[in-house]
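For reference, the structure is listed below as structure tokens.
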Amino acid sequence: MANVLEAKARPGTNTVKRPWPNNTETPEPHQDRGQDNPPSPDDLVQLESGSYVYTINWDRKVQFTVPASDDQDNAIQKTHGANLSSRLQRVLPFVALYTPLAASSLAEVIERLLRCDALIAPQRVRDSASTQPRRRYDRFRTKLIATLLDEAIEDGVTHPAESLIDEAFRADSSDCQNWLSQVLVEHYPTRPSLCASIVRCIGRLDYDRVRGWGMRVVDDALQNRDIEVREAAIRALEAWGRPAALDVLRRHKDAVAWLNEYVRQVVVDLSGTSS
Amino acid sequence: MLARKISRAKWQQKEYLAEGEIRADAISGCLRTTDDTLSWWRCSDDEKDIDEVALALAVGPMIERFDKIDVVVLPEAILADAGLARQSTEGGTPVKDLQHRHVDLVRLDIERLGRVARILDPRIRSDDKVVQFTKARLMALVDTAIHDKRLDANDLSEKLREKLAKPSDAQAS
């Protein structure tokens, strides 16, 4: 299916005109359309592919297809005295209103509304709000992994993955934390060395940027069965050097002697600076 | 003796490898060659002298932060007996009195690199042949070298100088 936000409208008769008051005001950002903000005539567009794109607001659209059928057209005509386009125009403005009330996804509400109201069974309903974050995560993950596989992390040397993470943190620290946690969860079972590299990158971020989330990531990594992952976690705690890091290290007893010695030494080092 | 930085965790046995098999990650991660040479530093068996190797490594040309390092040490004769040619070259460290200590293993091929790995493997796994330098220990070595005027702080990367000025997050809290 074409990208909802990038799809081009069918030229000529692409726009389905609506019987609404002709209000062409641009909605405010993040303001879902409701009764006080009626739709403009071009909110519903039919694409060259035949799919419909309905614009909820400036950054949210939903795309769906309605299979052509004479039986369906006749049923709509018989029930509502209107054709498919007219009925879609009539029904879709209720979507944004019902979605929060129904506590359902916008795609689910569209499906139910169209089925109940016009016996239309929409297909491939795709909400841009639910696909965009996933795509952004996929892009971040792909780039991060490629960068780490391309070049190993060297002690003392800045790695290109650090600027990738830094950029994502600047854009949205909460998203970036979620993405990094998700990459780790997905790859811990099969790619521990890759995960160790990610933990090392996290450990190179300033503590003020990671705080509680960073400590949880590292705490989790300390329990990992892979030695590289545990070592990366200890490195992070050593780099952050905060009292919270010292507490975690004091509690950790590693099964591997040299790692345990590393922990012991870092505790000694930090005890002198974090009091 | 000869010493080299390694990533100790990469030499730990994996359950999918048989006893005595060495991880490919250990070779690709710790024995990366350039022009078929592998970099080492000369030192004595004395711990203080191994500190000198750590100092040379801690302020290398690409270094921008203090990270814990592990240094493996072994008698040079073992490498010589294994038919591995060595060549003294100038080391890439701003500590001038250490530059002459640098040695390359030269003319390496896959077979000779494998020999290096076989020599290193048991040593890395035994606790007494690897010396660990934590971040704080490395910083202390660098600080001392600057104080003793063996190292000019201006020869360090800007980021490394910043780290010396602000040793850890702990001090910012």
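The values are calculated or read from the model by the stated rules, or taken from the named source; none is laboratory data. Quick caveat, the model's predicted, so the values are computed rather than measured. We place every Cβ from the backbone using ideal geometry, glycine too, and count neighbours over all the protein chains shown. In case anyone asks, the SASA skips ligands and DNA or RNA and just uses the protein heavy atoms, side chains included. Shrake-Rupley method; radii C 1.70, N 1.55, O 1.52, S 1.80 Å.
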- [ ] Take region B:1-53, drop everything but the C-alpha atoms, weight them equally and run the Debye formula without solvent; then report log10 I(q)/I(0) at 0.22 Å⁻¹ to two decimals.
- [x] -0.89
TODO: Write down the Kirkwood hydrodynamic radius of region A:214-269, to one decimal in angstroms, obtained as one divided by the mean of 1/r over all alpha carbon pairs.
DONE: 10.8
Task: Radius 9 Å from Cβ of B:L74, net charge of other residues (Lys, Arg +1; Asp, Glu -1) - done: +2
- [ ] Name the residues of region A:148-163, by number, that are at least 50 Å² less accessible with every protein chain in place than in the isolated chain; the surface is that of heavy atoms, probe 1.4 Å, without ligands or nucleic acids.
- [x] A:E154, A:D155, A:G156, A:T158
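How high is the FRET efficiency between B:T89 and A:D138 when r is their beta carbon distance and R₀ equals 51 Å, given to the nearest 0.05?
0.65
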Task: Max mean-square fluctuation residue, GNM over chain B, Cα-Cα springs under 10 Å, options B:A145, B:A80, B:A26 - done: B:A80
Open item on the list: Keeping all protein chains in the complex and leaving out DNA, RNA and ligands, what accessible area do you get for B:M139 with a 1.4 Å probe, in Å² to the nearest 10?
Closed with: 20
TODO: Could I have the simple spin-label model distance between A:E151 and A:A255, label points 7 Å from Cα toward Cβ, reported in nm to one decimal?
DONE: 3.5
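Assuming R0 = 22 Å, what is the FRET efficiency of B:E111 and B:M62, from their Cβ-Cβ distance, to the nearest 0.05?
Efficiency for this residue pair is about 0.15.
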Task: Solvent-accessible heavy-atom area per residue, rounded to whole Å², over chain B at 1.4 Å - done: 48
Open item on the list: What does the extension gain come out to for A:Q223 and A:H80, with contour length at 0.36 nm per residue minus their alpha carbon separation?
Closed with: 45.2 nm
Open item on the list: Using C-alpha positions alone, give me the convex hull volume of chain B per residue in cubic angstrom.
Closed with: 129
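Which value, in Å³ per residue, describes the convex hull spanned by the Cα atoms of region B:22-120? Don't jump to the answer; show the numbers that get you there.
Details: hull volume 11.0 nm³, N = 99.
Per residue, the Cα convex hull of region B:22-120 comes to 111 Å³.
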Open item on the list: Can you compute the FRET efficiency between A:L97 and A:T190 using 1/(1 + (r/R0)^6), with r the Cβ-Cβ distance and R0 = 41 Å? Round to the nearest 0.05.
Closed with: 0.35
Open item on the list: Am I reading the B/A interface right? What is its buried accessible area, both sides, 1.4 Å probe, to the nearest 100 Å²?
Closed with: 2600
Task: Separation of the B:S126 and B:E15 label points, Cα + 7 Å toward Cβ, nm - done: 2.9
Open item on the list: I'd like the residues of region B:27-72 whose 1.4 Å-probe accessible area shrinks by no less than 20 Å² going from the isolated chain to the full set of protein chains.
Closed with: B:R32, B:M62, B:I63, B:E64, B:R65, B:D67, B:K68
Task: Solvent-accessible surface (1.4 angstrom probe) belonging to A:R242, in square angstrom, nearest 10 - done: 20
Task: Flagged links, alpha-carbon separation over 23 Å, of B:K14/B:K135; B:K135/B:K159; A:K143/B:K166; B:K129/B:K166 - done: B:K14/B:K135; A:K143/B:K166; B:K129/B:K166
